[in-house]
Structures are given as C-alpha cells and as structure tokens.
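Sharing a structure here in structure tokens format.
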Amino acid sequence: MQTLTKEQRRAWDINGYIHLRGVFDGAEAASFCDKVDALRAQPGYEPTDLPRGHYGWVEHGNPDTESFMDRRDILPYDAAFRNLIDRPEVFDLVVDIMGPYLAFSMAQAIVRASDPEFLGYTHTDGGEGMRRVRVTESSHPLAMKALYFLTDVLEPDSSNFTVFPGSHLRPFPELDEPVITPTTPGAVPITGKAGDCILFSHSLWHGPGRNTSGQARKTLLYNYCQMFVRPYDYGLAADVVEHCTPRQRRLLGDLGYDFRPGSYVYVPEDQVELITGPGS
Ligand SMILES: O=C(O)CCC(=O)C(=O)O
C-alpha cells in the first residue's frame, strides 16, 4: 500500500489536513457531479426539522441542481459511490493515518449554493462528545474524512472548505466562548480544483465559508472511524453489502460472523490482511 510522503505526514501532524491534487480527472469529477445531481430525484436522508446533526427521510430533494443539498447515506445509489470507499489512491493513505482497525462510517454529498444569506459555519466532527477528545500527535485519529471537490473552488467566497490549521491538537473555543466562524482570524479558506481531495481529522475546526461566487460547490464526504466508534450511517448500508468486495464489506461492518459481545472492539483475525491486501 502507498504511505504518506514525508511532506504529507508533516502536514497531517502539524496542520491536521492534507490536500491531494487531481485524485479524479475532470471527466470523473463531472461524472460524480451528475450522480450527485441525480440524487435529488430520489428519496433519501436530508436535514429536516429534526435537531441539529440528525437527518430525516425525504421523498425527493429540491430539483434545482444549484440549490443546497445535503444527502446522507449515499452508497446504495450507485456503484461508483460504493467503490470510492476503498479506492487505493486515497484509501491507502487513510489506512496509513488510521491504522488497519478502521471502519467506514458515513457517505455524504453536499451542494453549497451561491447564497449571500448563508455565512458558513465552523465545527469539529463527531458531535458533542468527540469535540472534547483530542488525541496526541503520535496517535491514530478517532475519525477522519476524505472530502472530494467535484467542482472548482478557485476564488475566496466560493463556499471554500475553511480550516483552522493545527486546531485539531489544542483547546479551541467551545460552547461558552465566542463562536468560531469562517472569518475568525487564523481561518484558511482552501482553494482547489474539481477532483482534489482533502483529508482531515475529526478534531480539526473546519466548515464551509460563504458563497457569493454565483456557482454552487459540489462535494463528496467520506468518513472513516476506528472500528470501535459507532458509525453515523449505522445499519443503513446493509442493502449495499451484498454487492461489495470482502474488504468493502468489512469496512461496512460485516465481520464475517454475527455480532457477539466484544465484536468491533476486538477484531476478526483476518482484519489486517483484509484491509491491507489487494482489496478485490
Ligand atoms: O463541505 C462542506 O460544506 C461541509 C463539510 C463539513 O463541514 C464536514 O464534513 O463536516
């Protein structure tokens, strides 16, 4: 398997994120864009009037492909979404960062519309509990994401994915302190091309910035966690498992045997071989 270069490892350790360029070529990025647009005609999980962080079932999304969309649990919709979970160029690096005892925990497609009213927001991943957990520099993270740009983000104010480098390792303002926003000093609005991928730690403060560019930003987000962490899309991917390779099945929680006490905390004997093997 590939491993991080020295520069990538340094970027991960110090900044909490890595920018991979050209993971998809233009044609593949456009093809993923079409697949994301096609989700709108189908039922699925989107933010509804449920409390923050929860998703409700909708019969279809807004058909305007430039309007906001946040669709979760997207693996069942297309083999290309499924196969992205362990595509070697990125997955190898995820394994180098996370170690082999990992699971796939969330697949999401987001469209950030051009909308002067939306000012963006900044957060860590994993809800209220994980916000208060910061592992050390030399530790594997609890969770991380691969964010794929499907459209170019070449200028500021294009709903740039905005990060606070190094914030994954230090105390950062929490609930009782001023709210961190994409314009707080220290924010870095990332620019990149369709097909780039950003790997980032769950504890990095990050989020979308405002978008007055006239064009929506379209993104895929794939989340990985340590196997003992409960996945976001828990149980929802069961119907895709039958189409998956053994490695993909394992990443989606299929241990090869029924759940027994100790499962997921202690892993199957073939875990390392399966995760680091050829994958097919
Ligand atoms: O890309 C976005 O707009 C939001 C991404 C994000 O904040 C997240 O994945 O938690």
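Mind telling me which of the residues THR151, THR136, THR122 ends up being in contact with a strand residue (DSSP E or B) (Cβ under 7 Å, 6 or more places away or on another chain) and either farther than 17 Å from ASP37 by Cα or among the basic types (Lys, Arg) (or both)?
After applying the criteria, what remains is THR122.
Let me ask something else about it. Quick check, is PRO141 away from the ligand (no atom under 11 Å from the Cβ) and under 28 Å from GLU117 (Cβ atoms)?
Considered against the rule, which asks whether it is away from the ligand (no atom under 11 Å from the Cβ) and under 28 Å from GLU117 (Cβ atoms), PRO141 comes out as no.
When only residues in the range 204-236 that are open to solvent by 10 Å² or more (accessible area, probe 1.4 Å) and polar (S, T, N, Q) count, which is farthest from the ligand (Cβ to nearest atom)?
For the range 204-236, the residue satisfying everything is GLN226.
Can you work out which of the residues in the range 106-129 that are touching a residue at least 60 places away in the same chain (Cβ under 8 Å) and more than 12 Å from the ligand (Cβ to nearest atom) is surrounded by the most Cβ atoms within 10 Å (Cβ to Cβ)?
SER114
State whether one or more residues within the range 72-79 are under 13 Å from the mean Cα position of the chain (by Cα), more than 13 Å from the ligand (Cβ to nearest atom), open to solvent by 10 Å² or more (accessible area, probe 1.4 Å) and closer than 23 Å to HIS54 by Cα.
Scanning the range 72-79 turns up at least one residue that is under 13 Å from the mean Cα position of the chain (by Cα), more than 13 Å from the ligand (Cβ to nearest atom), open to solvent by 10 Å² or more (accessible area, probe 1.4 Å) and closer than 23 Å to HIS54 by Cα.
The rows are residues; the columns are (1) open to solvent by 20 Å² or more (accessible area, probe 1.4 Å); (2) modelled with pLDDT under 95; (3) touching a Leu at 6+ places or on another chain (Cβ under 9 Å).
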site	(1), (2), (3)
VAL135	yes, yes, yes
TYR148	no, no, yes
VAL153	no, no, no
THR162	no, no, no
LEU175	yes, yes, no
PHE200	no, no, yes
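Another question, if that's okay. Within the set of pairs 6+ apart or on separate chains, which have a first residue in the range 54-73 that is without any contact (Cβ under 8 Å) to a residue 24 or more places away in the chain and under 17 Å from ASN211 (Cα atoms), a second that is in a loop (DSSP other than H, G, I, E, B) and open to solvent by less than 50 Å² (accessible area, probe 1.4 Å), and C-beta atoms under 6 Å apart?
none
So is SER158 within 14 Å of the ligand (Cβ to nearest atom), modelled with pLDDT under 95 and surrounded by 13 or more Cβ atoms within 10 Å (Cβ to Cβ) or not?
no
The values are calculated or read from the model by the stated rules, or taken from the named source; none is laboratory data. From a predicted model like this one, the values you see are computed outputs, not experimental measurements. We place every Cβ from the backbone using ideal geometry, glycine too, and count neighbours over all the protein chains shown. Side chains are part of the model used for accessible areas, which takes the heavy atoms of the whole protein and leaves out ligands, DNA and RNA. Shrake-Rupley method; radii C 1.70, N 1.55, O 1.52, S 1.80 Å.
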